[in-house]
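Here is the structure we will look at, set down as structure tokens.
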């Protein structure tokens, strides 16, 4: 039975993504983002369970990619689409631009399945990171409509530009460190993770001290993750 445990966890990822899309279409980005976080937890745990139990399978690999496509490709695209429509008080062709994230997420996941170079690090922005940036933004705008981010999202530039940037990063060849822990991980990778952990802690402290919504800590942390990896790539670290 143990070989089915990782697949069961992956199925929870897919279920959370499907329900999240429903709530996103209903204009409830708050619930949709919580479900995205649950899907992220399941996505992390299924890999950990597979490694711990030695229960790897081709079925699990394909199911994982299909689940990620829904939870971290379709869901953030729909959330940004609805956020754009809500903030701009109407339909516009620019509201459709976020759907490019779903397209590039599919390409990213397909490339990952056949690319043997991606072990200790990824090539391109991981789909969960892209989704959490989009999802946390939509959540924050929904719970704090008077914030500067809400004002930015009300314009015709910010959300489309963010969507294009995320889409480009998804299909890029930029190395980005992973959080898949192994006993033989190189020290440099451990140092990168430790530095990121301090950034996450700093983001949490800023949010707590300034009495901001917790979702901003997620947005700041994942934005810092992208920027750190861009610096690493430029400096060839």
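Out of 149, 227, one residue alone is at pLDDT 90 or above and surrounded by fewer than 16 Cβ atoms within 10 Å (Cβ to Cβ). It is 227. When 189, 169 are checked against the criterion of being surrounded by 13 or more Cβ atoms within 10 Å (Cβ to Cβ), within 22 Å of residue 123 (Cβ to Cβ), modelled with pLDDT of 95 or more and in contact with a strand residue (DSSP E or B) (Cβ under 9 Å, 6 or more places away or on another chain), a single residue qualifies: 169.
Filtering 160, 98, 156, 175 for residues that are farther than 19 Å from residue 66 by Cα, in contact with a strand residue (DSSP E or B) (Cβ under 7 Å, 6 or more places away or on another chain) and either touching a residue at least 60 places away in the same chain (Cβ under 8 Å) or surrounded by 14 or more Cβ atoms within 10 Å (Cβ to Cβ) (or both) leaves a single hit, 175. Among the residues of segment 182-209, those that are in contact (Cβ under 8 Å) with a residue 40 or more places away in the chain and either under 30 Å from residue 87 (Cβ atoms) or outside any helix (DSSP H, G or I) (or both) comprise 182, 185, 186. Do the conditions hold for residue 56, that is, is it over 15 Å from the mean Cα position of the chain (by Cα), surrounded by fewer than 17 Cβ atoms within 10 Å (Cβ to Cβ) and outside any helix (DSSP H, G or I)? When the stated conditions are applied, residue 56 passes them. Quick one: is residue 31 over 20 Å from residue 127 (Cβ atoms), without any contact (Cβ under 8 Å) to a residue 60 or more places away in the chain and assigned to a helix (DSSP H, G or I)? Yes; evaluated as a whole, the condition is true for this residue.
The values are calculated or read from the model by the stated rules, or taken from the named source; none is laboratory data. Remember, it's a predicted structure, so these values are computed and weren't measured experimentally. Positions of Cβ are backbone-derived with ideal geometry, glycine not excepted, and every protein chain shown enters the neighbour counts.
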